[in-house]
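Below you'll find the structure, written out as structure tokens, and then a few comments.
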Amino acid sequence: MSTSVTTASPAKSADAPRLRAPRKHLPGKPKRSVLMTALMALMALYTVVPLIWLVINSTKTQAGLGDSSGLWFAHDFALWDNVRDTFTYHDGIFGRWLLNTLLYVVLGAGGATLLAVLGGYALAKFDFPGKRAIFAVVIGAVAVPGTALAVPTFLMFSKMGLTDTPWAVIIPSLVSPFGLYLMWVFAAEAIPTELLEAARMDGAGEARTFFQVALPLLAPGIVTVLLFTTVATWNNYFLPLIMLKDAEWYPLTLGLSAWSSQAQTIGGDVIFNLVITGSLLTILPLIAAFLLLQKYWQSGLAAGSVKE
């Protein structure tokens, strides 16, 4: 007779230590760095503190600016009075400066975005002689600061009789080498060449192909360039400073600078509270633009993918 022997595995003791597998870092979960978190917190604090100071001091009267701390509120809350006085001071010139700035942004930044989109698409998706030379010119133009071209631009516009007119600010704002380069790179990656060829094979012309096929894919890049050109035009100071003499055509940046200089002049009106309130009103449209448009340019990370 054969005897079968069965070996039973020993039972696990309840008191035996349990071995834990080493914790592995998941690829999709980012690592946390205490040093980087601290640095980002310092950068955020450095960025937010001036904005907090601006908001707090815009609620104070001219007397309250000297009687209270810069980072704390005064006894009297005068924000709405300051806003009213800002728009009514000097016959409401602040409202005119605001309209001028909107005009320069709509025509200058909007035109620069349109030209950047058309030029970037053409340079990315069409081959023609001299394309490499144009690329070198665009890169060189990006490296040249705008202040270096301000004086030659002023001399050229002076010969043409366009100084002290809104065109002296709008026309130079139409040229955005960085926006053109950004749209060139974005269009090259976001628009599959196969998609354009398929549209052409279906009988679509170049204009229809651009507006119905390419333009929707360029939306995140268009919003990004629009934000860059809007901020550059809205904050433009040096170009209007040398181009404009008539205060009726000043943008907000130049107008607030004139108010600040007036407040520091002996015998002039002390209106630092209006300068601070005007500065707060100046940055609010930019903050609103970034908050409203951020979802469009953040969605452009996978715009260049090709479905099979």
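Couple of notes before you dig in:
- Any hit, the range 156-166, residues being open to solvent by 40 Å² or more (accessible area, probe 1.4 Å) and of a type in the set (G, A, S): yes
- Cross-chain or 6+ apart pairs with Cβ under 6 Å, the range 240-256 first and in contact (Cβ under 8 Å) with a residue 24 or more places away in the chain, then of a type in the set (D, E, K, R): L244/D164; K245/D164; D246/D164
- The range 234-259, subset of a type in the set (S, T, N, Q) and more than 17 Å from F157 (Cβ to Cβ), residue surrounded by the most Cβ atoms within 10 Å (Cβ to Cβ): T253
- Look at (1) assigned to a helix (DSSP H, G or I); (2) charged (D, E, K, R); (3) crowded, with 19+ Cβ neighbours inside 10 Å and you find that D85 fails only one, number (3).
- Options V144, V117, V137, V175; residue that is without any contact (Cβ under 8 Å) to a residue 60 or more places away in the chain, within 27 Å of the chain's Cα centre (by Cα) and closer than 24 Å to L227 by Cβ: V144
- Residue that is nearest to the chain's Cα centre (by Cα), among those in the range 161-172 that are part of a loop (DSSP other than H, G, I, E, B) and free of Cβ contacts under 8 Å to residues at least 12 places away in the same chain: L162
- Positions within the range 96-118 being open to solvent by less than 20 Å² (accessible area, probe 1.4 Å) and over 30 Å from T209 (Cα atoms), in sequence order: W97, N100, T101, Y104
- One residue from A198, A214, A263 being open to solvent by less than 50 Å² (accessible area, probe 1.4 Å), in a helix (DSSP H, G or I) and at pLDDT below 90: A263
- Within the range 119-142, if we keep just the residues that are part of a helix (DSSP H, G or I) and open to solvent by 80 Å² or more (accessible area, probe 1.4 Å), the residue that is modelled with the highest pLDDT turns out to be V137.
- In the range 79-98, the residue that is farthest from the chain's Cα centre (by Cα) out of those that are free of Cβ contacts under 8 Å to residues at least 24 places away in the same chain and within 23 Å of Y237 (Cβ to Cβ) is H90.
- Members of the range 53-78 that are within 30 Å of the chain's Cα centre (by Cα) and either polar (S, T, N, Q) or open to solvent by 80 Å² or more (accessible area, probe 1.4 Å) (or both): W53, N57, S58, T59, L71, W72
- Test: S158 is of a type outside the set (V, I, T) and without any contact (Cβ under 8 Å) to a residue 24 or more places away in the chain: yes
The values are calculated or read from the model by the stated rules, or taken from the named source; none is laboratory data. Note that this is a predicted model, so its numbers are computed, not measured. With ideal geometry, Cβ positions are generated from the backbone for all residues, glycine too; neighbour counts draw on all protein chains shown. Areas reflect the complete protein model, heavy atoms only, side chains present, ligands, DNA and RNA absent. Shrake-Rupley method; radii C 1.70, N 1.55, O 1.52, S 1.80 Å.
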